[in-house]
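Here the structure is laid out as structure tokens; the discussion comes afterwards.
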Amino acid sequence: MITDPLFYAIAIPAIFLVGLAKGGFVGPLAMLGVPLMSLMISPVQAAGILLPILIAMDVFALWTYRGVYHSLNLKIMLPAAATGIFIGWLTAAYVSDAHVRLIVGVVACMFTLDYWIGWRETRTPGPSIAKGGFWCIIAGFTSFVSHAGGPPVQMYLLPQRLEPRLYVGTSVIFFTVVNWLKVVPYAALGQLGFDNLATSAALSPIAPVSILTGAWLVKKLNAETFYKLAYAMIFVISLKLIWDGAGAVFGL
């Protein structure tokens with residue numbers, strides 16, 4: 001178990017931000033978990049510590065948004081995500097965290113610029129097998145590598161302009177299944193050892209408080225404000241991912 005107080009000074013706020021996102025308040029906040037914790041430990045260890053906490057958070061989030069989801073979207077998204085996770089497992093030895101951060105950051109940045117500048121119509125009429133399959137394969141892959149599946153999912157769901165609680169409920173079920181699918185490959189890769197699990201247990205009490213706070217904030221926001229915040233946070237986090245990924249890949 002990690003005992004360094006400085007690690008917990010970073011990890012506790014990181015977990016709280018992830019919990020706010022799990023509660024539905026600006027989903028992209030969840031992507032901050034691994035990057036923040038990586039300031040003190042390796043990204044691989046950060047991902048291993050965070051997975052059990054994410055699973056614990058999923059339980060509270062499922063209860064908070066019980067019965068609120070878009071079934072057709074989930075039927076498209078979940079098989080694609082499982083495919084992406086399998087690809088991530090097969091290529092785990094060849095793809096670095098830095099490459100994934102750079103790719104996700106560039107795509108997420110282009111997505112938000114497209115939304116603001118209006119290069120094309122950003123609203124789509126509803127679920128799409130082609131778009132959902134494409135983005136959720138990427139989401140499964142990036143989620144496996146560094147819990148960074150949020151932007152690809154948002155690139156598929158946000159343009160549909162679902163009612164905020166329906167959008168969040170669908171995302172909650174999606175990532176609950178995705179996180180459970182990652183357990184076996186994470187264990188096989190040695191990311192769920194005793195020290196990591198003990199650290200996860202020490203941080204897990206933050207989960208219910210942060211999720212309920214996030215759910216409360218969602219109820220206080222109207223749909224337009226919710227989506228403005230979501231796109232703004234995607235943009236900020238995309239710049240962080242590009243900076244980190246490019247710095248590691250190109251030695252900047």
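Derivation of every value follows stated rules applied to the coordinates shown; laboratory data play no part. Computed from a prediction, not measured in an experiment: that's the story for all the values here. Positions of Cβ are generated from backbone atoms using ideal geometry, with glycine treated the same way; all protein chains shown enter the neighbour counts.
Note on the chain: with a GNM built from Cα contacts shorter than 10 Å, the maximum mean-square fluctuation among A92, A80, A207 falls on A92.
Among the listed pairs K182/K240; K75/K131; K131/K219, those whose Cα-Cα separation exceeds 22 Å are K182/K240; K131/K219. Cross-link partners for K22 among the aspartates and glutamates, with Cα-Cα distance under 14 Å and sequence neighbours closer than 8 places in the same chain left out: D58.
Arrange R161, R101, R66 by Cβ neighbour counts within 10 Å, fewest through most, would you?
Lowest count first: R66, R161, R101.
From the largest down, the range 177-252 spans 43, 39, 23 angstrom on the principal axes of its Cα atoms.
Within the chain, the selection of entire DSSP H helices by a Cα span of 15 Å or greater along the long axis and an average Kyte-Doolittle value of at least 0.0 returns 5-22, 43-64, 71-90, 97-117, 129-146, 164-181, 206-220, 223-250. Note on the chain: dipole from Cβ charges, positive end direction compared against L39, Q160, T213; the farthest Cα belongs to Q160.
Of the Cα atoms belonging to the range 37-175, the radius of gyration and Dmax stand at 15.3, 44 Å. Just so you know, the Cα atoms of the range 131-234 work out to an Rg and Dmax of 15.6, 44 Å. Here the residues L197, L72, ranked from fewest to most Cβ neighbours within 10 Å of their Cβ, fall in the order L72, L197.
Local charge sum around N179 (other residues, Cβ-Cβ under 13 Å, Lys/Arg +1, Asp/Glu -1)?
+1
To make sure I understand the rule: partners must be aspartates and glutamates, Cα under 18 Å from the Cα of K220, and not fewer than 8 residues away in the same chain. Which ones qualify? By straight Cα distance, K220 reaches E163. Extents of the range 5-250, taken as max minus min of Cα coordinates on every principal axis and listed largest first, are 47, 39, 30 Å.
Rank these for me by crowding, D97, D114, going from fewest to most other beta carbons within 10 Å.
Listed from fewest to most nearby Cβ atoms, that is D114, D97.
Judged by the mean number of other Cβ atoms found within 10 Å, the most tightly packed of the peptides 4-10, 14-20 leads the ranking 14-20, 4-10.
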